[in-house]
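Data block below; observations after.
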Amino acid sequence: MKNLKIKYLLGLFTIASIFGGLLSSCSNDNSSSSSTKLAITSVSKAVAGTLAPATQGFANNMYIIQGTGLLSTQKIYFNGTDTYFNPTLVTDNSIFVTIDINTPYADVPNELKIVTKNGTIIYPFVVAPPAPVLLYGFNPVNANAGDIITIYGNFFLNPIVTIGTTAVPVISSTLTEIKVAIPANSNDKYITVTSISGSVVSTDAIGSALYDDVLQGDAGHNLWSGGDTFDTAFTTDRTQGLNSIKFIFGGWNGADMQFTTRDVSKYKAFRVKVKSISTNANASIKFVFGGWAYQIIKPFTTEWTYIEIPFSDIGNPTTWNQLTLQESGNFGGNTILFDDMGFVLK
């Protein structure tokens, strides 16, 4: 939270310094009253230093529109999208505005339009898509050489895919899905998707999953109570791939999962994403390792919660073959979702 506040304040200071500089440079041009001439002279990214004119902007980024007659601005449109702006960041010669993340970028007029009390002006300007994002990761995570995986996300415009440092041919792609074949020697490497707007790197390494729509190395799993539910193909809600695990636990009930013994010496932690269906603030789950030698209770909410348990907290195991869970909210049981379960590389 402290880092977020610092970044936020730095952003405000940057805007203030640029805005102050623009006010100073325009002080001789009567910036406090509206000019009769309506014109846009340039659009620049709002960064400290020289404001280099740009002909292309990226959604979800702030830009400075410079010109004359801008003080009475009423509306700003990028490619026909009505775009919010803060009136306190408007002078007769400049406007600070962030391009809306949902601004269309395909089959559009590629223009900036400003409507003022004194008229309308249109300025040629291209809006590129936001940088790519991964919404549901990639699947399967434990893919072998030659397997085809699907990468789930958004803003995949003409994507380039890299696994580790190896460029991988794209078999097919849409704005939200990419399919590629896994090359040899890809285990323990991350996937990067790059577009004209930037890059995004997967949070999971290839081969690091315990659950990626299926239990990997499943050697048997069971519930403590016959009335509970253990559904490994729950499709209604997920955070990775297409499925998640749905547990319905009675109060203090649980489940045991056995796995084929696996070498985990290259990993440093266990990871999983968890979600509570109950809104009870006491929602929690106990993770049990090493035959009950290590018991760790973690709270979670009705939003997907990332949980990472360092191996140093559970005896630094070098092999893995079991995980036990126990509902521990102490309010009579809960329905709990699990997804994206596996390990974190050192």
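The values are calculated or read from the model by the stated rules, or taken from the named source; none is laboratory data. Bear in mind the structure is a predicted one, so any value in this text is a computation, not a measurement. All Cβ positions, glycine included, derive from the backbone under ideal geometry; neighbour counts span all protein chains shown. Side chains are part of the model used for accessible areas, which takes the heavy atoms of the whole protein and leaves out ligands, DNA and RNA. Shrake-Rupley method; radii C 1.70, N 1.55, O 1.52, S 1.80 Å.
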Distance in nm between pseudo-label sites at residue 280 and residue 201 (7 Å out along the Cβ direction from Cα): 4.1
Cross-link pairs 179/275; 179/268; 246/286 - those with Cα-Cα distance over 21 Å: 179/275; 179/268
Aspartates and glutamates whose Cα lies under 17 Å from that of residue 266, excluding same-chain neighbours fewer than 8 positions away: 188, 204, 308, 313
Long-range amide H partners of residue 189 with built H, under 5 Å: 206
Convex hull (Cα only) mean projected area of region 177-323, reported in nm² to one decimal: 10.9
Listed residue (301, 274, 334) projecting farthest to the positive dipole end of region 266-342, Cβ model: 274
Amide H contacts under 5 Å for residue 147, placed H, 5+ residues apart: 182
Candidates 304, 252, 292, ranked by Gaussian network fluctuation over the chain, Cα under 10 Å, top entry: 292
Cα radius of gyration and Dmax for the chain (Å): 26.1, 81
Given charges at beta-carbon only (K, R positive; D, E negative), |dipole| of the chain in Debye: 880
Dipole axis of the chain (+1 Lys, Arg; -1 Asp, Glu on Cβ), positive-most option in 182, 318, 78: 78
Karplus 3J(HN,Hα) series, Hz, for region 135-145 with 6.51 cos²θ - 1.76 cosθ + 1.60 (x for Gly, Pro): 8, 10, x, 9, 8, x, 6, 8, 9, 9, 3
Extension gain, residue 115 back to residue 176 (0.36 nm per residue minus Cα-Cα distance, nm): 18.6 nm
Per residue accessible area of region 240-346, 1.4 Å probe, in Å²: 41
Simple Cβ-charge dipole of region 252-341, Lys/Arg +1 and Asp/Glu -1, about Cα centre, in debye nearest 20: 140
Rough spin-label spacing in nm, given labels placed 7 Å along Cα→Cβ, for residue 107 and residue 222: 5.7
Among 240, 230, 155 the positive-end extreme of the charge dipole of region 135-257 (Cβ point charges): 155
Check: region 43-139 dipole with +1 on Lys, Arg Cβ and -1 on Asp, Glu Cβ, in debye: 140
Hz values of 3J(HN,Hα) by residue in region 250-262 - Karplus curve (6.51, -1.76, 1.60), Gly and Pro given as x: x, x, 6, 7, x, 8, 10, 10, 9, 10, 4, 3, 10
The chain, relative contact order [Cα under 8 Å, separation at least 6], %: 12
Per residue Cα convex hull volume in Å³ - calculated over region 129-237: 113
Whole-Å semi-axes of region 282-346's equivalent ellipsoid (Cα gyration tensor): 22, 14, 10
Efficiency of FRET between residue 252 and residue 60 - r from beta-carbon atoms, R0 45 angstrom, step 0.05: 0.50
Full-extension gain in nm, residue 52 to residue 123, via 0.36 nm per residue minus C-alpha separation: 23.9 nm
Accessible-area order (highest first, 1.4 angstrom probe) of the listed residues 152, 84, 136: 84, 136, 152
The chain, helix-only ellipticity at 222 nm - DSSP H runs n ≥ 4, -39,500 (n - 2.57), divided by all residues, nearest 500: -2500 deg cm²/dmol
Tilt relative to the chain, helix 2-25 - C-alpha long axis, 0 to 90 degrees, to 10: 10
Label-point gap, in nm, between residue 234 and residue 312 - each point 7 angstrom along Cα→Cβ: 3.3
Alpha-carbon radius of gyration plus Dmax, which is the widest Cα pair, for region 62-194 in Å: 20.6, 64
Proximal lysines relative to residue 117, as straight alpha-carbon distance under 17 Å, when same-chain residues fewer than 8 apart are discounted: 37, 75
Amide hydrogen neighbours beyond the local backbone of residue 46, cut-off 5 Å, H modeled: 62, 63, 64
